[in-house]
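Peer 1: Below is one structure. I have some questions about it.
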Amino acid sequence: MSGVQHICIYYRISKRVNLDNRSDREFAVEYQTEVTHARHPIGVPLASHSLEKIKSSNHEDAAESSFFIGEKPISSEFEGRYEIVEEVGKGGMGVVYKARQPALQKLYAIKMLHSVHNNETILRFEREAKAISKLDHVNLITSHDFGVSSDGRPYMVMDFIEGTSLARTIELQRKLPLRQALEICIQVARGMAYAHAQGVLHRDLKPGNIMLIDQPDGSKLVKIIDFGIAKVVEANDRHDLTRTGDVFGSPYYMSPEQAVGRGIDERSDIYSLGCVMYEMLTGVVPFRGASAFETLYAHLNESVPALRVNAPGENFPAAVEKVVSKALAKDQKDRWQTMPELEHELTGILKILDSPLKTLLHHLDFESSPVSKFKLTHVIAVAAALTTVIVAGISFWPAPAPPVKEKQELSGKEYLKDQKLDDPNELARSIILNGTSEVSLESLDCSDEALKWCKERNDVIRLDVNGTSITGVGLKYVTHLPLQILQMSQTGVSDLQNLAFIKTLENIELNRTLIKTRHLRSLIGLPKLKVLKIEENNLNDDCIDQIVQMPNLEYLSLCHNSGITDDGVNKLMSLKKLKGLRLGSLRIGDDGLRNIERLKNLRSLDLNGTDVTDKTLAKLSRMPLHELYLSGTNVTDEGVRQLVNCGTLDHLTLNSCPKVSKGVVSQLRSSLAHCKVDHFKTSRFH
């Protein structure tokens, strides 16, 4: 079928019933019915039910309690595995239940179809389950189980997410501050980049499918949910991610190629994210017609209004306008080509917002600038050389930046003049040779070879190569430096041998790298090492055997390393000098913390997302903690009450703790007047 035929079908449907009064499922089924008629004009039997049958079926379903399958309670379907707590949401295709796993006392969401109308519906649901089961990323919902009920209703068991949807956030705030919008989009891009690498498209990215979860430091963790129409492809079929003719998704966020049923790919999700970005910044979607046809016609034919058009009074940087506009290009080849590419640009804008070069964002087109195709990442790197930006994580943790030597500050234009901005290594050279005692190459696509210019310096005490292409081989050029802080997160670093020669190192950051247990041996002999951050590295208990040989550690972060267990964590109790310990999202429980009281100097403890219970709280209540993070755990009112005795607490988080009541939180706030207690829990699941 041609694109024109698809548009005509949309037009006929939208003329009959307004888009806003039609559920996604009804619209999709009626659309597929018309498509089938168009493909089989000589009376071939239709594969889909008519809209009247669907409405009748929905009415019959509504007559039954959601807690029953046919004549028996839904709880009996999962007896011995899950306990149904409550119904938390309904959609066009199914219902979502909040459930508890008795053995682990963990909460899950069980998504189950209302009823089965045709084989395509079942197959689509199975695709969703298989797609999600392949995904394991901090910004994506996790699937744990799926199957078919005794009466043939497919179901899927996922993480239960307690938070606020981006749709609700936009509804409440109307539009989001630029920084908040960028931070959300960066996380969405990061999660979708991972999904795309696994061969999975979302195909329905919209604010309602993006959940925001409050974090201890005040930030928002993004969780992308409802891959309900995801399409999995095999590695040998990467260029045809969906068969031509299938149209699913939400019209307000639908790419032009998706609107007319053409083959889609990663760039279609990028377009949808562009629509989401636009709505976050202006409060309205880029295209909104009176009907489905008018909305889709606009996606196909109308130019994207500038952000300032729909947000009068806002002064959006030219760089932001460019990023959003490019994401919303009509032709796939004119958009950002991959999610990592988009993430890179968004991160670049975020990094420069507080720098001396912030004004350049309002004047420069980072692709068409006469200065050698001016790249945004180059501006960021220069900004990093001109200013010190301190980003604090948990408040009790030491800020990474020591005092810097004063240096005459140049204006952005003066510094950029005559610089060779096409070559990242050449720009790195300028930054290294002209910088202060703190050198930041963050997000600059430079290689190990760029570090050779460090041989010309002897005063650098902090080196930040986060987000670069450095692998660690180039560290041989910095062994003579009096480095105190070395940040190498989000790099391909796997060679730490040269660090053994830098005896001045106090703080090392290795989050999201290729570091394995064997590489940590090079750090054992560093006498001044106090801070070690190794998050999201797939480390296991073997790494603990290396870490415990670093007796001077005061702050250790191992969050999101799924291979670390109770046995490994228990070994950490030998690190007597620990003041801060972050174990968020590790698969650990009370057993791993049975000897936690041995850490007499511990002041900050992060147990977010772990399986700890009241048993551990009894021990923690006797410790002089200043900060305690328990969000997403199964602690109860009884256990939390014990923390009244912990008079040293300054900050406590209990977000998404379903067994903690507002009453007990109020008691805590009253008893610990100086302590900030964060607590929210919702039952929303979209």
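Peer 1: How many of the residues in segment 614-623 are in a loop (DSSP other than H, G, I, E, B) and over 18 Å from Arg582 (Cβ atoms)? Can you show your working first?
Peer 2: Going through segment 614-623, the residues in a loop (DSSP other than H, G, I, E, B) turn out to be 621-623.
Retained after the next criterion (residues that are over 18 Å from Arg582 (Cβ atoms)): 621-622.
Total meeting the criteria: 2.
Peer 1: Now, a different point. Identify the single condition in (1) under 21 Å from Gly191 (Cβ atoms); (2) surrounded by fewer than 22 Cβ atoms within 10 Å (Cβ to Cβ); (3) not hydroxyl-bearing (Ser, Thr, Tyr) that Val323 does not satisfy, given that it satisfies every other one.
Peer 2: So Val323 meets the others, but not (2).
Peer 1: Answer yes or no as to whether Val323 is outside any helix (DSSP H, G or I) and within 23 Å of Gln173 (Cβ to Cβ). Please lay out each step first, then the result.
Peer 2: Working: outside any helix (DSSP H, G or I): no; within 23 Å of Gln173 (Cβ to Cβ): yes.
Spelling it out, it is not the case that Val323 is outside any helix (DSSP H, G or I) and within 23 Å of Gln173 (Cβ to Cβ).
Peer 1: Follow-up question, since we're still on this one. When the residues of segment 542-581 are filtered to those that are over 22 Å from Lys619 (Cα atoms), under 26 Å from the mean Cα position of the chain (by Cα) and in a loop (DSSP other than H, G, I, E, B), which remaining residue is modelled with the lowest pLDDT?
Peer 2: Ser562
Peer 1: Which condition from (1) assigned to a helix (DSSP H, G or I); (2) surrounded by 20 or more Cβ atoms within 10 Å (Cβ to Cβ) is the one that Ala167 breaks?
Peer 2: The single condition Ala167 does not satisfy is (2).
Peer 1: Working only within segment 180-224, note down all residues that are assigned to a loop (DSSP other than H, G, I, E, B) and within 30 Å of Val677 (Cβ to Cβ). First the steps, then the outcome.
Peer 2: Filtering segment 180-224 down to residues assigned to a loop (DSSP other than H, G, I, E, B) leaves 198-199, 202-206, 215-219.
Of everything in segment 180-224, those that are assigned to a loop (DSSP other than H, G, I, E, B) and within 30 Å of Val677 (Cβ to Cβ) turn out to be Gln215, Pro216, Asp217, Gly218, Ser219.
The values are calculated or read from the model by the stated rules, or taken from the named source; none is laboratory data. A quick note: this is a predicted structure, and the numbers were derived from the prediction, not measured. For neighbour counting, all protein chains shown are included, and Cβ atoms are generated from backbone atoms with ideal geometry for every residue, glycine included.
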